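I have placed the structure first, in the form of structure tokens, so that the comments after it can refer back to it.
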Number of protein chains: 2
Amino acid sequence: MNRILYRKSELAHDQLLLTDRRATHILQVLKPALGDELRTGEIDGPLSSGKVMRLDAQKVLLAISEVSQPERPTLDLLLALPRPKVLKRLLPQISAMGVDHLYLTNAERVEKYYFDTHVLEPDFYHGALLEGLQQSGDTCMPQVEVIRHLPSFLSKTDFPENRWLLHPYASQNLLDAELRSERCLLAIGPEGGWRSSELELFEGLGFQQVSLFDRVLRSDTACISALGIAVAKGELYGRD
Amino acid sequence: MNRILYRKSELAHDQLLLTDRRATHILQVLKPALGDELRTGEIDGPLSSGKVMRLDAQKVLLAISEVSQPERPTLDLLLALPRPKVLKRLLPQISAMGVDHLYLTNAERVEKYYFDTHVLEPDFYHGALLEGLQQSGDTCMPQVEVIRHLPSFLSKTDFPENRWLLHPYASQNLLDAELRSERCLLAIGPEGGWRSSELELFEGLGFQQVSLFDRVLRSDTACISALGIAVAKGELYGRD
């Protein structure tokens, strides 16, 4: 945990009383002294600093003061729903890297039973995403949307100007793709790829096909690699 | 398994008799007919094609013919030994992405007990690396070296011209780092980073510090992201 995160509703007069595993982490790992300042943050709110006011066997009381308001990530991810085990592993990595909208979608090659997983229950995926935020130190929780029918979702959604579709045989590499504005959407298909009818649908909506490597990667490896490139491009965009 | 891999010693008169989980995979997943050609490959040897000659309940006989000789990857990875659980998860991803030399090194912030893991036994890590090769379809097994003392290793090793050290506060982003020849070495530190004495050592050997994101990532996420960028850069290098 590089930042202790809390919900706004947990604050009372700018004080935060922790009694759960965050308290355990503070007491057993961070081991602060009274008066020390810890990095804290409000979920979907400001980065803050928490001054240690009280330390008990199981309780920590922090006085919270706001430090700065983080900007939301500018990258959206449309991901064909991977198998539950893979999704579970990916979620904290996705939030750690910084994603604004996370669309988990059905596709012709997505097995229907993947949608029955407990990983898609909000309580579960929020916990997994929170883990990634506490690692990366961000407070911006990805906005998750589970999509059962891709064509109707695509037809009714406004996408940013940069729309990339990861496709193994595209001639343009994601590394070379031009970023025309800071915000972009990256679409990543299922194991086995998109069907040609799906590819046509994306093409009709102006998605640009980009490739990654001349290798067949596991979908989670491909996802992290592609996100890495997209996030780094986004961070550099502002500096050019 | 996108390619069935075998050792040269398993071939007899260009025939490969499989009775282990590769046979199970062929029989239960690929379900070929007699005469079908399967993608096969010799570990550290040619890509090949295996014609199905016999299919029994537990046995598959393939007639192997060489297709092409793959080029070895041009990327070397020097990785501070991560905790065993993380290493185990990383190994197939590393080989799938394509690494030539994989140096797993001690560092001041690497816990000594990480070296006691069974994951560092050659039989174990070969199996994990093989899994990644069967996924990506490559035959080039990373050459693993376990390094107990980093300074003496660094002083006696010839590194390629491009030597990058991943460092969170470097002003240059890996994405922008100039690739002056196809071969490069990427060095990735432990959780908590390199010590300043280690940084000086790398600097003295001409390692260029490069950063990834303005975020603290888990070491496996950082490793896959950085590898992804380095591999993509390497693949594009030949095309420029």
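Remarks
Yes/no per residue for (1) among the acidic types (D, E); (2) more than 19 Å from A:L201 (Cα to Cα):
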site: A:P122; (1), (2): no, yes
site: A:E131; (1), (2): yes, yes
site: A:P160; (1), (2): no, no
site: A:E178; (1), (2): yes, yes
site: A:E182; (1), (2): yes, yes
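- Residue among B:V110, B:V99, B:V52 that alone is farther than 30 Å from B:L150 by Cα and among the aliphatic types (A, V, I, L, M): B:V52
Every residue, every condition in (1) under 27 Å from B:S219 (Cα atoms); (2) of a type in the set (A, V, I, L, M); (3) touching a residue at least 12 places away in the same chain (Cβ under 8 Å), yes or no:
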position: A:N106; (1), (2), (3): no, no, yes
position: A:K112; (1), (2), (3): no, no, no
position: A:Q135; (1), (2), (3): yes, no, yes
position: A:T139; (1), (2), (3): yes, no, yes
position: A:H149; (1), (2), (3): no, no, yes
position: A:L166; (1), (2), (3): yes, yes, yes
position: A:A170; (1), (2), (3): no, yes, yes
position: A:N173; (1), (2), (3): yes, no, yes
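- Residue list for the range B:11-35, filter: exposed (fewer than 15 other Cβ atoms within 10 Å of the Cβ) and in a loop (DSSP other than H, G, I, E, B): B:H13, B:D14, B:T19, B:D20, B:K31, B:A33, B:L34, B:G35
- The set of residues in the range A:1-29 being hydrophobic (A, V, I, L, M, F, W, C), under 16 Å from A:D56 (Cα atoms) and either touching a Lys or Arg at 6+ places or on another chain (Cβ under 7 Å) or away from chain B (no Cβ under 14 Å) (or both) consists of A:L16, A:L17, A:L18, A:A23, A:I26, A:L27.
- Residue under evaluation A:E66, criteria (1) more than 14 Å from chain B (Cβ to nearest Cβ); (2) under 28 Å from A:D158 (Cα atoms); (3) surrounded by fewer than 22 Cβ atoms within 10 Å (Cβ to Cβ), criterion not met: (2)
- Scanning the range A:148-159 for residues that are part of a helix (DSSP H, G or I) and out of contact with any strand residue (DSSP E or B) (no Cβ under 7 Å at 6 or more places or on another chain), we see that the one that is surrounded by the fewest Cβ atoms within 10 Å (Cβ to Cβ) is A:K156.
- Counting only residues that are surrounded by 21 or more Cβ atoms within 10 Å (Cβ to Cβ) and either of a type in the set (F, W, Y) or free of Cβ contacts under 8 Å to residues at least 12 places away in the same chain (or both), the range B:180-214 holds 4 of them.
- Qualifying residue in the range A:168-181 (condition: closer than 18 Å to A:T105 by Cα and outside any loop (DSSP other than H, G, I, E, B)): no
- Residues that are away from chain A (no Cβ under 11 Å) and in a strand (DSSP E or B), drawn from the range B:186-220: B:L186, B:A187, B:I188, B:Q208, B:Q209
- Residue match in the range A:49-64 (condition: closer than 27 Å to A:E235 by Cα, outside the structural domain of A:E145 (by TED's automatic domain parsing), out of contact with any Cys (no Cβ under 6 Å at 6 or more places or on another chain) and part of a strand (DSSP E or B)): yes
- Test: A:A232 is without any contact (Cβ under 8 Å) to a residue 12 or more places away in the chain, within 14 Å of chain B (Cβ to nearest Cβ), surrounded by 21 or more Cβ atoms within 10 Å (Cβ to Cβ) and closer than 16 Å to B:G228 by Cα: yes
- Any hit, the range A:6-22, residues being touching a residue at least 24 places away in the same chain (Cβ under 8 Å), over 30 Å from A:N162 (Cα atoms) and among the small types (G, A, S): no
- Residue check for A:C223: away from every other protein chain (no Cβ under 14 Å) and closer than 28 Å to A:V119 by Cα: no
- Within the range B:217-236, the set of residues being more than 12 Å from B:E182 (Cβ to Cβ) and among the hydrophobic types (A, V, I, L, M, F, W, C) comprises B:L217, B:A222, B:C223, B:I224, B:A226, B:L227, B:I229, B:A232.
- Scanning the range A:38-70 for residues that are free of Cβ contacts under 8 Å to residues at least 60 places away in the same chain and charged (D, E, K, R) yields A:K51, A:R54, A:D56, A:K59, A:E66.
- Test result for B:G35, farther than 20 Å from B:L185 by Cβ and touching a residue at least 12 places away in the same chain (Cβ under 8 Å): yes
- Per-region count, the range A:196-228, residues under 24 Å from A:L91 (Cα atoms) and charged (D, E, K, R): 3
- Single match in B:A177, B:A107 (criterion: under 17 Å from B:V231 (Cβ atoms) and either surrounded by fewer than 16 Cβ atoms within 10 Å (Cβ to Cβ) or out of contact with any Ser or Thr (no Cβ under 8 Å at 6 or more places or on another chain) (or both)): B:A177
The values are calculated or read from the model by the stated rules, or taken from the named source; none is laboratory data. Small disclaimer: the values here were computed from a predicted structure and weren't measured. Cβ sites come from the backbone with ideal geometry, for glycine too, and all protein chains shown count toward neighbours.
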